[in-house]
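S.K.: Following this message is one structure expressed as structure tokens.
Just so it is clear, none of the values below were taken in a lab; they were calculated from the coordinates. As the structure is a computational prediction, the values presented were derived from the model and not from experiment. Quick reminder, even Gly has a Cβ in these numbers, built from the backbone with ideal geometry, and neighbours come from all protein chains shown.
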């Protein structure tokens, strides 16, 4: 059994850890507010752009449709983009996204598809490289940027567009964590290429009006679709950032409470051992006095 000094040192160590987890919880809570605002502000923009694309795409069909919208017509080469956090101490935040992406990758490989992976964030880089090896063709670290913004999303979008144009991908899917609340982050898969119109991004109601575009719808889409690619990635990164701080705040809150429970348990053991030691010393003193 540990001595009183060892138990006292352990209690002090747990108290120091509790201070750290409490500080990290407060920092995550402070950063969460701004990250949540960024995620919520990005949603209407991304949704509106998707609606504009849906409106333009309604007038485009056949061979005139841009490739980013129509795709290559094949389904053999898949590019999977997995966006997670650079840091840990956030519970299962990154692991949940990686697990969803890993299941999709394994199912595609089992179906005989050619799969390539882009890892965004250190956590996805470390885990996916260990599991899939050379299928990870490129990695990005978000911590290289002082603030999360367009400079972080643009290189990812350019690499995706280049891979598609070079014939290295027929379908591009982005995996990220959608922020619902502080305690709810949902791993989400979004198909980027061919571009799809989501359920909440219906074409704009023109009230029966007919618009003639100059330049044509095809030319507008050729310019707009690459920008939409960057927009969707940036919105996903904002969702990821808000989800990470929410998950970290919840994880550090749990860690702080667990440390408090452990301190109480150790203090109780310490007091019992000290009381037993004092009782033993008193018995020894009384026994010695009686012997004299």
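S.K.: Over the Cα atoms of the stretch 1-149, what radius of gyration and what Dmax do you get, in Å?
M.R.: In order Rg, Dmax, the Cα atoms of the stretch 1-149 give 22.7, 81 Å.
S.K.: Between 225, 237, 266, where does the largest GNM mean-square fluctuation fall for the chain, given springs only between Cα atoms within less than 10 Å?
M.R.: Per the Cα network of the chain with a 10 Å cutoff, 266 tops the list.
S.K.: Further, regarding this structure: When the helices in the chain are scored as -39500 (n - 2.57) per DSSP H run of 4 or longer and the sum is shared across all residues, what 222 nm value do you end up with, to the nearest 500 deg cm²/dmol?
M.R.: My calculation for the chain gives -22000 deg cm²/dmol from helical runs alone.
S.K.: Relative contact order for the chain: what percent, with Cα pairs under 8 Å and sequence separation of 6 or more? Each step should come with its number before you reach the end.
M.R.: On the way: 399 pairs, mean separation 96.4, N = 292.
Contact order relative to length: 33 percent.
S.K.: Give the percent of DSSP beta bridges with both residues in the chain that are antiparallel, rounded to the nearest 5.
M.R.: 35 percent
S.K.: Counting other beta carbons within 10 Å of each Cβ, put 176, 45 in order, fewest first.
M.R.: On the way: 176 29, 45 12.
Ordered by Cβ neighbours within 10 Å, fewest first: 45, 176.
S.K.: For 163, 95, 265, which order do you get if you count the other beta carbons within 10 Å of each Cβ and list the fewest first? Can you show the working numbers first?
M.R.: Working: 163 19, 95 16, 265 12.
Ranked by crowding around the Cβ, least crowded first: 265, 95, 163.
S.K.: Sorting 120, 27 on the 10 Å Cβ count, fewest up front, what's the list?
M.R.: Numbers: 120 28, 27 14.
Listing 120, 27 from fewest to most nearby Cβ atoms yields 27, 120.
S.K.: Compute the acute angle (0 to 90°) between the alpha-carbon long axis of helix 217-291 and the principal axis of greatest extent of the alpha-carbon atoms of the chain; round to the nearest 10°.
M.R.: 10 degrees
S.K.: Cα atoms only: what Rg and Dmax, in Å, come out for the stretch 76-192?
M.R.: Values for the stretch 76-192 (Cα only, Rg and Dmax): 13.8, 41 Å.
S.K.: Thinking of the chain as a set of Cα atoms, what percent of all their pairs are more than 27 Å apart? Please report the intermediate quantities before stating the final value.
M.R.: Values: 22940 of 42486 pairs.
The proportion of pairs with Cα distances above 27 Å equals 54 percent.
S.K.: Once you compute Rg and the Kirkwood Rh from C-alpha atoms, what is the Rg to Rh ratio for the stretch 117-163?
M.R.: Values: Rg = 11.2 Å, Rh = 11.3 Å.
Taking Rh as the inverse mean 1/r over Cα pairs, Rg/Rh reads 1.00.
S.K.: Quick check: the angle from helix 93-110's long axis to the longest principal axis of the chain, C-alpha only, nearest 10 degrees?
M.R.: 50 degrees
S.K.: Restricting to Cα pairs below 8 Å that are 6+ residues apart, what does the relative contact order work out to for the stretch 1-152? Please round to a whole percent. Write down the numbers at each step before the final one.
M.R.: Details: 111 pairs, mean separation 26.8, N = 152.
Result for the stretch 1-152 is 18 percent.
S.K.: If you don't mind, another one. Among 144-156, 123-135, 184-196, what's the highest-first ranking by average C-beta atoms within 10 angstrom per residue? Write out the running numbers ahead of the final one.
M.R.: Values: 144-156: 14.4, 123-135: 16.7, 184-196: 18.3.
In descending order of packing, they fall as 184-196, 123-135, 144-156.
S.K.: Decide, for the stretch 77-119, between rounded, prolate and oblate: order the square roots of the alpha carbon gyration tensor eigenvalues as a ≥ b ≥ c, take rounded if a/c falls under 1.5, and otherwise choose prolate if a/b is larger than b/c, else oblate.
M.R.: Oblate shape, in that a/c is at least 1.5 and b/c is the bigger or equal ratio.
S.K.: Using bins 5 angstrom wide from zero, how does P(r) for the stretch 228-292 break down, in % of all Cα pairs?
M.R.: Histogramming the stretch 228-292 at 5 Å steps yields 3, 14, 9, 10, 8, 8, 8, 6, 6, 5, 5, 5, 4, 3, 3, 2, 2, 1, 0 percent.
S.K.: Also, I was wondering about something else. If one takes the longest principal axis of the Cα atoms in the chain, at what angle in degrees, from 0 to 90 and to the nearest 10, does the Cα axis of helix 122-132 lie?
M.R.: The answer is roughly 80 degrees.
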